[in-house]
Structure formats: C-alpha cells, structure tokens
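The structure appears below as structure tokens.
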Amino acid sequence: MSESPGSTHQFVGIVLVSHSAAVAASVAELATGLAGGDTTAPVAAAGGTVDGGLGTSAELISAAAASVDRGAGVALLADLGSAVLTVKALLAEGDELPDNSRLVDAPFVEGAVAAVVTASTGADLAAVEAAAAEAYTYRKA
C-alpha cells in the first residue's frame, strides 16, 4: 500500500504496530480504504512476531518503518503495552528507525484512519500526529 507510481510527493509514512498480524493488516486496509483516492500515504502493518505468533517484533517494526519512509517522517501507532514499549525502545536506540520517526499517542483504529487520511493530503508529520491524537475526542454516544 503506497503512493501511486510516478508520484514525487513526499508523504508521511504510517506504521501500524499490533500484537496481531491480522489486526495490523486489517486496520491498514480499513484506513487506506477510507482514505480513498488514487494516491494514499504509504502504510505498513507490523503485527505479531517474526514466526507468526502474537506479540511484537522490533525487527518487523523497523522493516515496516523503512518500507514507508519517503523522507517526510514516519508516524507509528501501537495497540497495547508491549507494542508501545517496543516502539519506544527502537526510538531510544536512535538508529533502528528512520530519521523523524515518532510514536503517536492515539487510539489504534480511529487514530490510524485519521493519520492515513491526513497524511494522504500531503500534511506534515505534526499535522498527522495531531489528527491521530484528536481521535481520542471522538464520541460514540
């Protein structure tokens, strides 16, 4: 899932980190589908462990971040505790993630949709982060 061939715009990349590969892939599919249009920001799912189990993998997260890096920054959204801790550890390492990578404090599904939709407009990393974080305010009742 990435920008259209021939596009020269530098989109913010989005990485969705979940304990489950299926959850990460499904949320990525939902977010890119709702973003619509011919050109969407690059999105990668980093779910589960390298052997396909439940959990988180620093290796999968790093690879996903590298795959969506277009030079405009990478927003990482995580679902639960150890996914957040793994992203924080990678950020602390300093060389495991692309420059200008950021853990975004946002609800996983709603934040992912807001991040992908906003990034797909060509917004910068700060705007993508703000849109995703704003998803905490969405009321359902």
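The values are calculated or read from the model by the stated rules, or taken from the named source; none is laboratory data. Since we're looking at a predicted model, the values are computed, not measured. All Cβ positions, glycine included, derive from the backbone under ideal geometry; neighbour counts span all protein chains shown. Keep in mind that these areas ignore ligands, DNA and RNA; they rest on the heavy atoms of the full protein, side chains included. Shrake-Rupley method; radii C 1.70, N 1.55, O 1.52, S 1.80 Å.
Annotations
- Residues being among the polar types (S, T, N, Q) and in a loop (DSSP other than H, G, I, E, B) - total across the stretch 114-140: 2
- Of all residues in the stretch 79-125, those being in contact with a Lys or Arg (Cβ under 9 Å, 6 or more places away or on another chain) and either over 15 Å from Ala44 (Cα atoms) or open to solvent by less than 30 Å² (accessible area, probe 1.4 Å) (or both) number 2.
- Among the residues making up the stretch 15-26, those that are in contact (Cβ under 8 Å) with a residue 24 or more places away in the chain and open to solvent by 10 Å² or more (accessible area, probe 1.4 Å) are His19, Ser20, Ala21, Ala22, Val23.
- Any hit, the stretch 28-47, residues being touching a His at 6+ places or on another chain (Cβ under 8 Å), open to solvent by less than 10 Å² (accessible area, probe 1.4 Å) and closer than 20 Å to Ala133 by Cβ: no
- Screening Ala64 against (1) open to solvent by less than 40 Å² (accessible area, probe 1.4 Å); (2) farther than 18 Å from Ala28 by Cα leaves a single unmet condition, (2).
- Residues that are more than 22 Å from Ala126 (Cβ to Cβ) number at least 2 in the following strands (runs of 3 or more DSSP E) confined to the stretch 1-111: 43-47.
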